[in-house]
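Presented below is the structure to which this report refers.
Read-outs: derived from the displayed coordinates by stated rules, not from any lab. Since the structure is predicted, the reported quantities are computational estimates derived from the model, not experimental observations. Here the Cβ is made from the backbone with ideal geometry for all residues, glycine too, and neighbour counts use every protein chain on show.
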């Protein structure tokens with residue numbers, strides 16, 4: 001395998017118009033070892049130069065132009081803002097996957113983004129949602145918090161789950177509870193009923209009226225339900241089959257129902273920048 005050390009770009013253009021595919025090429029302004037795993041090794045001893053990619057104006061992500069066709073692995077810097085969604089392009093680095101251009105981006109947090117973390121304090125523009133006064137924040141984070149609608153305090157996420165808005169509630173407000181107590185209206189409409197056993201032998205006392213008098217509660221001239229005239233108080237027969245109504249308590253004590261499932265504890269942060 002040939003190893004070519006080139007200290008001047010012009011030299012490679014003049015001396016090596018074509019280079020064997022198996023060659024390793026190093027472009028540098030100083031001598032040094034070529035990285036054996038590279039096809040092309042760029043180096044600048046002063047560490048003050050960069051690699052400038054081809055700059056061209058793409059037309060759309062699904063259009064190869066200005067190239068003649070899509071080439072998987074092709075990387076360019078697009079300078080144009082063109083096309084219509086979802087195939088529009090904006091300035092930035094793009095690579096080609098063989099059928100379309102794909103923009104290379106890294107997601108950076110935006111003010112108002114929320115995250116859970118095991119960190120215990122503010123860090124890198126992320127602020128703990130602990131209900132603190134917005135006035136205690138630095139100037140820039142304070143302005144961003146105000147723009148998000150937090151005029152007085154940041155929300156307090158302590159011991160709370162995050163819930164998406166329904167549209168009728170306001171982001172940042174606290175709601176809900178860790179437990180609830182059932183009321184009668186929460187129970188099904190069910191009636192308990194029953195009766196005593198008909199085989200229970202017992203008697204009932206009643207007052208017998210020996211005379212048809214108003215004083216004895218019987219209108220004169222009516223039939224007198226007299227069982228005997230020897231006694232005013234007597235008992236019914238103990239073999240009379242009949243029933244009695246009853247009622248009983250369910251024994252509840254209105255103990256609240258716990259709503260907290262198994263969980264793992266984290267802190268909640270909001271991104272307000274530095």
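Some values worked out for this structure:
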item: Cα-based Kirkwood hydrodynamic radius, the stretch 31-171, one decimal, Å; result: 20.2
item: Förster radius 30 Å - calculated FRET efficiency between residue 177 and residue 122, Cβ distance, rounded to 0.05; result: 0.55
item: Part-to-part distance (alpha-carbon centres) for the stretch 67-84 and the stretch 97-125, which is given in Å; result: 25
item: Förster radius 35 Å - calculated FRET efficiency between residue 68 and residue 263 (Cβ-Cβ, nearest 0.05); result: 0.05
item: Residue exposure sequence - 202, 41, 70 - by fewest surrounding Cβ within 10 Å; result: 202, 70, 41
item: Residue 189/residue 254 FRET efficiency (R0 22 Å; Cβ-Cβ; nearest 0.05); result: 0.70
item: Per residue Cα convex hull volume in Å³ - calculated over the stretch 43-112; result: 134
